[in-house]
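The values are calculated or read from the model by the stated rules, or taken from the named source; none is laboratory data. Treat the numbers as computed from the prediction; the structure is a model and nothing was measured. Backbone-built Cβ (ideal geometry, glycine too); neighbour counts: all protein chains shown.
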Amino acid sequence: MTVNVDAIVIGGGIHGCSTTLHLCLAGLKPVLIEKDYAGRHASGVNAGGVRQLMRHIPEIPLSIRSMGIWEKINDLLDDDCSFESYGQVLVAENEEELAACRARVAELNALGFTHEELIDAAELRRLVPAVAETCPGGVVSRRDGAANPAQTTTAFRRKAAQLGAAVREGVAASNIRYSDGLWHVDAGTETFAAPVLVNAAGAWAGRIAADLGEPVPVETVAPMLMITSRVPHFIDPVVILRGRKLSFKQFKNGTVLIGGGHLATPYQDRNETVLDWKSLATSAQTVFELFPVMRSATIVRAWAGIEAKMKDDIPVFGPSSRHRGLYHQFGFSLHGFQLGPGAGAVMAELIVNGGTQTRIGDLGIDRFHPSTL
Amino acid sequence: MSVAPKREDYDVVVIGAGPAGLAAAATSAGAGLTTLMLDENIGPGGQVFRAISSTPVTDRNQLGADYWVGADLVQALRASNAEVIHRATVWSLDRNLDIAVSIGGASAFVRAKRVILATGALERPFPIPGWTVPGVMTAGAAQTMLKSSALVPDGRTVIAGQGPLLWLLAAQILRLGGRIDRILDTTGRGNYFAALPHAFAFLTSPYFAKGLSMMREVKAKVQVVSGVTELAAAGDGQLASVSYVAGGKRETIPADLLLLHQGVVPNVNLAMAAGVEHRWDDLQLCWSPVLDASGNSSVAGIAIAGDGAGIGGANAAVVRGRIAARAAVEALAPAVAAKLPAMAALRADLAKAERGRVFLDTLFRPAPQFRIPSGDTIVCRCEEVTAKDVLDSVAIGATGPNQLKAYRRTGMGPCQGRLCGLTVTELMAQARAKTPQEIGYYRLRAPVKPITLAELAAVPKSEADVKAVVRG
């Protein structure tokens with residue numbers, strides 16, 4: 001039997017869950033189909049960075065839109081998502097890197113964006129007292145912060161379900177087809193039909209797009225993270241390095257999350273990853289050099305989440321260039337978590353209103369395919 | 001003194017030097033395969049033969065004849081060409097059979113053609129009210145002190161729980177002159193009837209006569225209360241008393257030490273982190289790896305022997321170790337395998353060693369109230385999460401142990417669920433009216449045991465990484 005709904009969202013990551021929620025808020029009745037459970041992959045196991053800092057220019061408007069939602073996340077979800085805002089700091093380790101920071105901030109200012117601010121050595125030391133003396137400055141985005149990714153993704157799913165979304169976890173969306181003006185998708189023993197289909201399937205979204213005739217240059221990656229035992233409080237903001245692959249965040253309970261984009265080997269069809277300890281050792285060595293306070297900490301756990309990375313490192317976001325009623329929302333390329341709340345809101349506007357005031361034009365799938373619509 | 005592995009590649013790497021690992025490594029090395037034995041302890045033996053080469057307990061009767069069997073296994077291993085490294089903590093194993101091991105504060109990486117996991121068992125969590133009060137410890141911890149250092153309790157001591165090891169420990173403590181004030185036996189009355197159909201096999205098993213005489217020996221010296229249905233420890237910063245209900249009557253007794261034990265379960269962390277498929281065992285109430293008749297797991301090249309393959313006891317562990325090693329020899333040096341005892345003979349040995357196991361499993365199946373706590377009783381010690389906290393999280397949408405991490409951080413502390421995993425699975429299964437198999441278990445991650453940042457930082461990097469750091 002076919003169940004008719006207003007929209008079918010495939011993928012229970014933060015993007016699928018956020019879009020589902022915002023469709024509910026707009027008065028639609030969507031279904032969310034997730035093959036595992038909400039937040040099982042990248043959305044639930046990423047570093048939780050809520051970051052506008054150092055974004056690609058085409059996605060900055062979406063990031064700023066999202067930031068406004070993050071700051072009132074409790075009003076939206078009845079859950080604080082453990083969001084905290086102590087800023088994110090990019091550290092330049094030498095004058096050459098600082099010069100690049102200066103140029104970056106000037107470029108953003110020229111475009112009218114003011115969220116990134118150049119800082120000197122004194123301000124860097126004030127924000128990150130533990131950083132090595134030799135670092136000459138950096139960039140700060142003061143409204144940035146971090147949240148608990150699994151808690152956040154789960155909260156979006158829960159709120160969407162409360163507002164009437166049908167949520168199907170543990171069943172894969174299959175047999176996607178379009179007939180008589182409706183998208184039909186099988187999920188376990190059920191079939192759903194709707195005029196709108198949102199492809200938010202993360203690492204699995206590229207296959208869906210390709211099957212529907214819109215292949216894109218995307219690969220599956222698994223960025224690694226590791227977390228330490230509790231150490232005395234020494235840092236508030238999230239820290240990232242300009243010149244090396246390292247990001248760094250201390251939680252309230254004292255544990256420190258170390259990331260930065262070194263990759264594990266993904267085994268997508270098994271939901272598994274195999275870690276590359278030699279790369280993680282590089283991260284450990286960097287932390288060891290820059291933050292002596294961390295030297296006695298132990299590594300408690302390391303992991304990697306499976307996600308989609310575009311060749312040009314910016315997401316595919318917006319309507320299909322081939323099919324009516326199909327929308328893509330994937331390929332966030334290791335920096336999609338912060339965008340989730342805003343992207344869901346904008347996607348709902350595209351679906352319900354046919355447009356949005358948030359500038360997203362450079363993110364469309366038509367950058368790979370001339371529109372045939 | 002620390003000794004790094006001599007090679008980067010081995011035919012067989014055996015992890016754990018308990019009965020299964022000792023037998024496996026001796027068989028594999030004896031057949032000419034390059035064999036590395038990695039073991040976390042300071043000497044061979046695992047838990048059952050702990051300190052077999054170094055124990056200060058010299059009177060053979062005190063630890064029992066079964067203990068000294070270990071000496072022969074160690075002898076066989078030493079006579080082989082196996083490379084043996086103790087104080088070697090394997091902290092990562094993946095499906096490519098890449099192994100990361102910490103030895104003397106430095107990490108080394110080796111690769112194997114076959115890995116035999118012999119990581120043994122852990123004590124089942126015993127989450128009663130007050131089980132985290134200092135002065136409450138597991139029977140296994142007490143036995144470790146007894147075997148390694150001949151230390152036995154001298155304060156007011158209560159032993160509570162059930163199972164063969166509980167009686168063995170009690171007998172060993174008494175023989176070494178230790179003090180036991182009372183034994184609280186939690187074996188459910190109904191278990192005796194349930195186990196009856198399996199009694200015949202047990203009567204003919206080697207465990208029967210030994211078990212019976214040990215219980216008789218203990219009961220002659222210590223007051224044993226059977227049919228205990230409730231148990232709680234209390235004390236402010238230190239154990240002061242133990243209260244229990246037996247036959248509907250509550251009693252509270254002063255105590256300085258409470259030793260808890262309700263059986264052992266496979267130590268699955270390394271196998272699970274390597275991606276080995278496990279299933280819930282409804283009889284033994286734990287996760288066991290899915291294995292074929294030779295001990296091969298779902299990950300090609302990884303075999304599991306000993307209690308890590310499902311609780312079978314020391315005798316079965318030795319045979320399983322030989323079977324897994326023989327299978328490795330068959331795969332890597334088929335010509336040599338013909339000289340080893342035939343697989344059929346080994347499987348017959350295993351059947352004999354496992355006789356009576358169903359009886360023990362049924363008789364000593366822990367009662368629900370000792371496995372599934374309620375209210376303010378702590379479930380996860382690392383993050384101090386109570387049973388009520390878990391149920392509250394289920395109520396707002398946590399569907400399994402991995403989702404629960406997001407709500408309560410259970411299993412995210414240094415023990416990675418060793419002390420709470422089974423409790424969380426069963427508690428959530430009960431709350432959601434699902435089977436433990438449906439609820440699942442924590443996804444486990446390397447490092448399976450924590451390593452220091454300094455140790456990881458010192459690991460040799462790939463050439464490109466070294467350049468990147470130099471440039472920065």
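Tabulated data
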{"item": "Matching residues, region B:412-437, being more than 10 Å from every other protein chain (Cβ to nearest Cβ) and in contact with a Lys or Arg (Cβ under 9 Å, 6 or more places away or on another chain)", "result": "B:Leu419, B:Cys420, B:Leu422, B:Thr423, B:Glu426, B:Leu427, B:Met428, B:Gln437"}
{"item": "Counted residues, region B:390-435 - those being closer than 22 Å to B:Pro266 by Cβ and in a loop (DSSP other than H, G, I, E, B)", "result": "14"}
{"item": "Count of region A:132-150 residues which are under 16 Å from A:Phe337 (Cβ atoms) and assigned to a strand (DSSP E or B)", "result": "3"}
{"item": "Residue in region A:335-355 that is touching a residue at least 40 places away in the same chain (Cβ under 8 Å), touching a strand residue (DSSP E or B) at 6+ places or on another chain (Cβ under 6 Å) and either within 30 Å of B:Ala454 (Cα to Cα) or in the same structural domain as A:Arg230 (by TED's automatic domain parsing) (or both) present", "result": "no"}
{"item": "Boolean, B:Gly306 is under 20 Å from B:Arg347 (Cβ atoms) and either among the acidic types (Asp, Glu) or within 12 Å of the chain's Cα centre (by Cα) (or both)", "result": "yes"}
{"item": "Pairs, first within 14 Å of B:Lys221 (Cα to Cα) in region B:156-171, second basic (Lys, Arg), C-beta under 8 Å, six or more apart", "result": "B:Thr157/B:Arg179; B:Val158/B:Arg182; B:Ile159/B:Arg182"}
{"item": "Strands (runs of 3 or more DSSP E) wholly inside region A:215-273 that include at least 2 residues being touching a residue at least 12 places away in the same chain (Cβ under 8 Å), of a type outside the set (Ser, Thr, Tyr) and away from chain B (no Cβ under 14 Å)", "result": "A:218-228, A:238-241"}
{"item": "Residue match in region B:297-309 (condition: under 30 Å from B:Phe126 (Cα atoms) and in contact with a Phe, Trp or Tyr (Cβ under 7 Å, 6 or more places away or on another chain))", "result": "no"}
{"item": "Residue satisfying all of: in region A:162-197; surrounded by 18 or more Cβ atoms within 10 Å (Cβ to Cβ) and β-branched (Val, Ile, Thr); nearest to A:Leu21 (Cα to Cα) among these", "result": "A:Val167"}
{"item": "Qualifying residue in region B:396-405 (condition: over 27 Å from B:Ile99 (Cβ atoms) and surrounded by fewer than 20 Cβ atoms within 10 Å (Cβ to Cβ))", "result": "yes"}
{"item": "Residue among B:Val90, B:Val74 that alone is under 22 Å from B:Pro5 (Cα atoms) and either within 14 Å of chain A (Cβ to nearest Cβ) or of a type in the set (S, T, N, Q) (or both)", "result": "B:Val90"}
{"item": "Residues (surrounded by fewer than 22 Cβ atoms within 10 Å (Cβ to Cβ) and of a type in the set (A, V, I, L, M, F, W, C)) located in region A:335-359", "result": "A:Leu350, A:Val352"}
{"item": "Complete set of residues in region B:444-462 that are in contact with a strand residue (DSSP E or B) (Cβ under 8 Å, 6 or more places away or on another chain) and either in a loop (DSSP other than H, G, I, E, B) or facing another protein chain (nearest Cβ under 7 Å) (or both)", "result": "B:Arg445, B:Ala446, B:Pro447, B:Val448, B:Lys449, B:Pro450, B:Ile451, B:Thr452, B:Leu453, B:Leu456, B:Ala458, B:Val459"}
{"item": "Unique residue being β-branched (Val, Ile, Thr) and modelled with pLDDT under 95 when the list is B:Val152, B:Val136", "result": "B:Val152"}
{"item": "Residue, nearest to A:Phe317 (Cα to Cα), within region A:159-198, restricted to residues that are touching a strand residue (DSSP E or B) at 6+ places or on another chain (Cβ under 8 Å) and part of a loop (DSSP other than H, G, I, E, B)", "result": "A:Pro195"}
{"item": "Residues satisfying the stated conditions in region A:290-307, i.e. over 21 Å from the mean Cα position of the chain (by Cα) and more than 8 Å from chain B (Cβ to nearest Cβ)", "result": "A:Leu290, A:Phe291, A:Pro292, A:Val293"}
{"item": "Where a residue in region B:1-26 is within 17 Å of B:Ile42 (Cβ to Cβ) and its partner, wherever it lies, is of a type in the set (Phe, Trp, Tyr) and surrounded by fewer than 24 Cβ atoms within 10 Å (Cβ to Cβ), with Cβ under 7 Å and at least six apart", "result": "none"}
{"item": "Residue satisfying all of: in region B:303-340; charged (D, E, K, R) and touching a residue at least 60 places away in the same chain (Cβ under 8 Å); surrounded by the most Cβ atoms within 10 Å (Cβ to Cβ) among these", "result": "B:Arg320"}
{"item": "Residues located in region B:145-160, provided they are part of a helix (DSSP H, G or I) and buried (at least 17 other Cβ atoms within 10 Å of the Cβ)", "result": "B:Leu146, B:Lys147, B:Ser148"}
{"item": "Residue that is surrounded by the most Cβ atoms within 10 Å (Cβ to Cβ) [pool: residues in region A:199-214 that are in a loop (DSSP other than H, G, I, E, B) and under 18 Å from the mean Cα position of the chain (by Cα)]", "result": "A:Ala200"}
{"item": "Residue check, B:Thr362 out of contact with any Leu (no Cβ under 6 Å at 6 or more places or on another chain), at pLDDT 90 or above and either within 14 Å of another protein chain (Cβ to nearest Cβ) or farther than 28 Å from B:Ala199 by Cα (or both)", "result": "no"}
{"item": "All positions within region A:112-137 that are aliphatic (A, V, I, L, M), in contact (Cβ under 8 Å) with a residue 60 or more places away in the chain and farther than 17 Å from A:Gly243 by Cβ", "result": "A:Leu127, A:Ala130"}
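For every residue, the table says whether it meets (1) over 17 Å from the mean Cα position of the chain (by Cα); (2) modelled with pLDDT under 85; (3) under 25 Å from B:Ala335 (Cβ atoms).
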{"site": "B:Val12", "(1), (2), (3)": "yes, no, yes"}
{"site": "B:Ala24", "(1), (2), (3)": "yes, no, yes"}
{"site": "B:Met37", "(1), (2), (3)": "yes, no, yes"}
{"site": "B:Ile42", "(1), (2), (3)": "yes, no, no"}
{"site": "B:Arg50", "(1), (2), (3)": "no, yes, no"}
{"site": "B:Val57", "(1), (2), (3)": "yes, yes, no"}
{"site": "B:Leu63", "(1), (2), (3)": "yes, yes, no"}
{"site": "B:Asp72", "(1), (2), (3)": "yes, no, no"}
{"site": "B:Ala76", "(1), (2), (3)": "yes, no, yes"}
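Residue-by-condition table, conditions (1) in the same structural domain as A:Leu32 (by TED's automatic domain parsing); (2) in contact with an Asp or Glu (Cβ under 6 Å, 6 or more places away or on another chain):
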| site | (1), (2) |
| --- | --- |
| A:Thr282 | no, yes |
| A:Gln285 | no, no |
| A:Arg295 | no, no |
| A:Ser320 | yes, no |
| A:Arg324 | yes, no |
| A:Phe330 | yes, no |
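Residue-wise test of (1) touching a Ser or Thr at 6+ places or on another chain (Cβ under 7 Å); (2) within 18 Å of B:Val459 (Cα to Cα).
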residue	(1), (2)
B:Arg50	yes, no
B:Val69	no, no
B:Ala79	no, no
B:Val90	no, yes
B:Ala106	yes, yes
B:Phe109	no, yes
B:Ala118	no, no
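A quick yes/no check of all residues on (1) more than 23 Å from A:Glu219 (Cα to Cα); (2) within 14 Å of another protein chain (Cβ to nearest Cβ); (3) at pLDDT 95 or above; (4) in a loop (DSSP other than H, G, I, E, B):
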{"residue": "A:Ser279", "(1), (2), (3), (4)": "no, yes, no, no"}
{"residue": "A:Gln285", "(1), (2), (3), (4)": "yes, yes, no, no"}
{"residue": "A:Phe288", "(1), (2), (3), (4)": "yes, yes, no, no"}
{"residue": "A:Glu349", "(1), (2), (3), (4)": "yes, no, yes, no"}
